[in-house]
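Colleague: I'd like to ask you about the structure that follows.
The values are calculated or read from the model by the stated rules, or taken from the named source; none is laboratory data. Worth saying up front: this structure is predicted, and the values here are computed from it rather than measured. All Cβ positions, glycine included, derive from the backbone under ideal geometry; neighbour counts span all protein chains shown.
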Amino acid sequence: MSVRVQSVPRDLDVACHLNVLLAHPSSDLLPAALDALAARGYRRVVLPPVDPDAFDVPAARRTFASRGIAPIPIAGQSLQADVSSADREVREAGLAELRRALDLAVRLGADQLNGVPYGLFGRADEPPTTDAIARSASAVGEVAEEAHERGVRMTFEVLNRYETSMLNTAEQAMAFAERSGSPHLGIHLDTFHMAVEEADMRRAIRAALPRLAFLELGQSGRGPLSAGTVDVEEVVRGALDDGYTGRWGVEAFSAEILSPPARSALAIWRKPFRDGVDLANDAAHVIRTGWARSTVGRRAARLARREAAGLALDRHDY
C-alpha cells in the first residue's frame with residue numbers, strides 16, 4: 001500500500017538530519033535522499049561530523065545546490081582541542097577546530113553552523129568550573145562574530161546531562177550566549193534533550209526565544225515523531241503561538257542506518273525505524289498538524305481559502 005507524501009508547511013524553514021536517511025554525505029545515495037526531502041518540503045539537511053580533508057566538498061556543494069537543499073554542518077571539540085580547557089595549547093587547538101568547521105560551512109555554501117562548539121561531547125565526571133565556562137563562552141563568541149562576518153549563523157546545541165555537563169537547560173544557554181559577547185550567537189534547542197532536563201518544555205522555549213535560532217524536534221525513543229512521550233505537535237503549536245520564527249529541525253537515529261562509530265557515540269542500540277524516507281514523511285505530517293493548530297497556521301489557512309474563493313470568482317466572471 002502506497003503512503004501519501006506529506007509536506008512541511010511552506011511557511012516553515014525545516015531541516016532534516018542526514019542520518020535519518022544516510023550514514024554519511026559521501027554516499028552515492030545522497031542525491032536520491034535529498035530529492036526525497038525536497039519532495040516533502042524540507043529546505044535544509046543537517047550533516048553528521050565531516051572531515052573536510054577526506055570529503056569532496058566542491059562535489060557535495062554542487063549536489064546540495066542542484067537539489068535546492070542547503071547543508072548545515074556541525075562543529076565539535078575533542079580531548080586535544082577544547083576551548084574550555086585550562087591548557088592554553090588545547091584551548092588554541094579548540095579554537096582552530098571551530099574555525100576549520102566555519103571554513104567548511106563557507107565552502108559548502110551553508111549559512112548556518114550547528115553543533116557543540118563549547119566543550120566535550122560525552123558524560124563528564126563533574127560539573128564545569130566557572131572559569132571553564134568563561135573560557136568557552138569567550139572563544140565561541142569570537143568565532144560566532146567571525147562567522148557572522150562570513151555570512152554564517154553559528155548556533156550551539158543544548159544537550160542532556162548524559163552527553164555534556166556544560167549546558168543542559170535553556171536558562172544556562174541564555175547565560176552562556178550573553179557571556180559570549182556575541183549578539184549573533186544563536187541557541188539550538190532539541191526536544192529530545194529538553195524532555196530529560198526541562199520541567200516545562202514550552203517555558204524553556206520561551207526563555208530562549210531572544211536567541212533561539214534552531215528548534216529541533218526529536219522523540220524520546222529517537223524514532224518517528226508521532227510515537228513517543230514528547231507531544232511534538234503541541235511543541236510546534238506552542239512555539240509558533242509564542243512567536244518563534246526561526247528554523248526547525250527533525251532528528252532521529254536508528255542502528256539500521258548509522259555507522260558503528262556513530263551508534264556507539266550516540267548510544268543507539270535499537271532500530272526504532274528502518275526507512276528514513278518514511279520517517280521524514282511522518283515528521284512532515286506531525287509538523288504540519290502542529291502548525292495547522294497554531295494561530296499562524298489557522299491564519300494562513302483562512303488566507304488560502306479567501307484566495308481560492310477569489311480565484312474561483314475570477315474564473316466565473318471570465
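Colleague: For the range 266-276, how many residues are assigned to a helix (DSSP H, G or I) and either buried (at least 18 other Cβ atoms within 10 Å of the Cβ) or at pLDDT below 95 (or both)?
Modeller: Matching residues across the range 266-276 total 1.
Colleague: Please find, among Leu30, Leu47, Leu37, the residue that is over 16 Å from the mean Cα position of the chain (by Cα) and within 23 Å of Arg274 (Cβ to Cβ).
Modeller: One residue alone meets the criteria, Leu30.
Listed here are the residues, each with its yes/no results for (1) surrounded by 15 or more Cβ atoms within 10 Å (Cβ to Cβ); (2) under 23 Å from Leu266 (Cβ atoms); (3) among the acidic types (Asp, Glu); (4) touching a residue at least 40 places away in the same chain (Cβ under 8 Å).
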| position | (1), (2), (3), (4) |
| --- | --- |
| Asn19 | yes, yes, no, yes |
| Asp51 | no, yes, yes, no |
| Ser66 | no, no, no, no |
| Leu79 | no, yes, no, yes |
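Colleague: Could you check the range 277-310 and list, in sequence order, the residues that are over 30 Å from Phe121 (Cα atoms), touching a Lys or Arg at 6+ places or on another chain (Cβ under 6 Å), among the small types (Gly, Ala, Ser) and assigned to a helix (DSSP H, G or I)?
Modeller: Gly290
Colleague: Only one of Gly94, Gly119 is within 19 Å of the chain's Cα centre (by Cα) and modelled with pLDDT of 95 or more; which?
Modeller: Gly119
Colleague: To continue, here is another question. Quick check on this structure: which one of Leu189, Leu209, Leu167 is of a type in the set (A, V, I, L, M) and either closer than 24 Å to Ser226 by Cβ or modelled with pLDDT under 95 (or both)?
Modeller: Leu189
Colleague: Let me ask something else. Among Val106, Val90, which is the only one that is in a helix (DSSP H, G or I), touching an Asp or Glu at 6+ places or on another chain (Cβ under 8 Å) and among the β-branched types (Val, Ile, Thr)?
Modeller: Val90
Okay, residues lined up against (1) surrounded by 22 or more Cβ atoms within 10 Å (Cβ to Cβ); (2) out of contact with any Lys or Arg (no Cβ under 6 Å at 6 or more places or on another chain):
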site: Asn168; (1), (2): no, no
site: Gln172; (1), (2): no, yes
site: His184; (1), (2): no, yes
site: Val196; (1), (2): no, yes
site: Leu212; (1), (2): yes, yes
site: Gly218; (1), (2): yes, yes
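Colleague: What's the number of the only condition in (1) surrounded by fewer than 22 Cβ atoms within 10 Å (Cβ to Cβ); (2) aromatic (Phe, Trp, Tyr); (3) more than 28 Å from Asp125 (Cβ to Cβ) that Tyr162 fails to meet?
Modeller: The number of the failed condition is (3).
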